[in-house]
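Q: Input: one structure, supplied below.
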Amino acid sequence: MALVPYVENSLPALSKLHNSSAQFNFASHQLRLSQDWKKFGVAAVVWDAAVVMCMYLELGKVELKGKAVIELGAGTGLVGIVAALLGAKVTITDREAALDFLSANVKANLPADSQESVTVSELTWGEKLDLYPAGGFDLVLGADIVYLEDTFVALLQTLEHLCSDTTVVLLACKIRYERDTDFLSMLRQRFTVDEVYYERERDIHIYKALKLPHRRDL
């Protein structure tokens with residue numbers, strides 16, 4: 001996710017990001033996600049990587065029913081919401097400033113009988129990780145979270161903490177810059193990494209990572 005300054009009517013390709021909402025149909029549900037670029041910037045719009053991740057989850061390539069799932073850098077919450085609708089018990093996380101916005105999207109888009117399957121929680125990568133169970137998740141999801149080089153070490157620390165040797169990590173990424181591939185190289189030092197899906201129209205890659213056993217934390 002590139003950091004793009006807010007400019008009214010900047011590029012046609014970005015115009016959809018300035019809309020106050022974005023609508024989708026996933027998991028047999030009509031979803032309407034609020035967006036607020038002016039207030040929250042890149043964290044509060046639906047990016048293509050999130051859409052492609054939801055498409056991939058709908059394919060059924062990874063088991064979600066009854067699984068403990070955590071989404072990192074959730075933004076609008078689309079990916080976590082879809083995972084919950086597909087049967088997962090999901091912890092949807094972002095930084096503290098985004099939580100009210102994120103919670104409102106979750107409440108507006110999950111049926112009443114699914115609300116208890118989702119927890120919205122603050123998580124700043126690399127900080128207070130002991131609040132989350134070490135290796136306590138079956139699946140870790142991240143859509144367009146690889147974009148700030150300064151966060152790479154903290155993101156790796158967070159992934160290592162959350163993952164057991166059987167936890168699956170799915171990262172949806174648009175490879176824009178050399179630093180994006182640099183992160184994948186860093187990830188491969190601690191995880192096996194394979195590309196499992198590519199959506200050509202949106203140029204989004206999905207990578208599956210599994211923690212290498214017997215490695216010390218960063």
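Q: Checking the structure you have, find out if any residue of the range 34-52 is open to solvent by 20 Å² or more (accessible area, probe 1.4 Å), at pLDDT below 95 and in a strand (DSSP E or B).
A: Yes, the range 34-52 contains at least one residue that is open to solvent by 20 Å² or more (accessible area, probe 1.4 Å), at pLDDT below 95 and in a strand (DSSP E or B).
Q: Please go through the range 120-132 and give me each residue that is in contact (Cβ under 8 Å) with a residue 24 or more places away in the chain and farther than 22 Å from ASP150 by Cα, ordered by number.
A: VAL120, SER121, TYR132
Q: Cβ contacts < 9 Å: first residue closer than 19 Å to VAL69 by Cβ and in contact (Cβ under 8 Å) with a residue 24 or more places away in the chain, restricted to the range 89-101; second residue open to solvent by 100 Å² or more (accessible area, probe 1.4 Å) and part of a helix (DSSP H, G or I), any location; separation 6+ or different chain. Result?
A: LYS89/GLU116
Q: Still on this structure: Could you grab me the full set of residues in the range 88-145 that are in contact with a strand residue (DSSP E or B) (Cβ under 8 Å, 6 or more places away or on another chain) and among the hydroxyl-bearing types (Ser, Thr, Tyr)?
A: Answer for the range 88-145, where residues must be in contact with a strand residue (DSSP E or B) (Cβ under 8 Å, 6 or more places away or on another chain) and among the hydroxyl-bearing types (Ser, Thr, Tyr): THR91, THR93, SER103, SER117, THR119, SER121, TYR132.
Q: Hey, could you check the range 111-148 for residues that are open to solvent by 30 Å² or more (accessible area, probe 1.4 Å) and modelled with pLDDT under 95 and say which is nearest to the chain's Cα centre (by Cα)?
A: By that ranking, first place goes to TYR147.
Q: Filter the range 170-183 down to residues that are assigned to a helix (DSSP H, G or I) and open to solvent by 10 Å² or more (accessible area, probe 1.4 Å) and give me whichever is farthest from LYS67 (Cα to Cα).
A: Filtering the range 170-183 down to residues assigned to a helix (DSSP H, G or I) leaves 178-183.
Among the residues that remain, those that are also open to solvent by 10 Å² or more (accessible area, probe 1.4 Å) are: 178-179, 181-182.
Working: GLU178: 34, ARG179: 32, THR181: 30, ASP182: 31 Å.
Filtering first and then ranking leaves GLU178.
Q: For ALA13, state whether it is modelled with pLDDT under 95, touching a helix residue (DSSP H, G or I) at 6+ places or on another chain (Cβ under 7 Å) and not in a strand (DSSP E or B).
A: Details: modelled with pLDDT under 95: yes; touching a helix residue (DSSP H, G or I) at 6+ places or on another chain (Cβ under 7 Å): no; not in a strand (DSSP E or B): yes.
It is false that ALA13 is modelled with pLDDT under 95, touching a helix residue (DSSP H, G or I) at 6+ places or on another chain (Cβ under 7 Å) and not in a strand (DSSP E or B).
Q: Just checking, which of GLY87, GLY80 is open to solvent by 20 Å² or more (accessible area, probe 1.4 Å) and at pLDDT 95 or above?
A: Details: GLY80 fails: open to solvent by 20 Å² or more (accessible area, probe 1.4 Å).
So the residue among GLY87, GLY80 that is open to solvent by 20 Å² or more (accessible area, probe 1.4 Å) and at pLDDT 95 or above is GLY87.
Q: Another question, then. Before we move on, is ALA108 in contact (Cβ under 8 Å) with a residue 60 or more places away in the chain, buried (at least 17 other Cβ atoms within 10 Å of the Cβ), within 27 Å of PHE24 (Cβ to Cβ) and not basic (Lys, Arg)?
A: Numbers: in contact (Cβ under 8 Å) with a residue 60 or more places away in the chain: yes; buried (at least 17 other Cβ atoms within 10 Å of the Cβ): no; within 27 Å of PHE24 (Cβ to Cβ): yes; not basic (Lys, Arg): yes.
No: the conditions fail for ALA108.
The values are calculated or read from the model by the stated rules, or taken from the named source; none is laboratory data. This is a predicted model, so every value here is computed, not measured. Reconstructed Cβ throughout: ideal geometry from the backbone, glycine too, with neighbour counts over all protein chains shown. The area values use the complete protein model at the heavy-atom level, side chains included, leaving out ligands, DNA and RNA. Shrake-Rupley method; radii C 1.70, N 1.55, O 1.52, S 1.80 Å.
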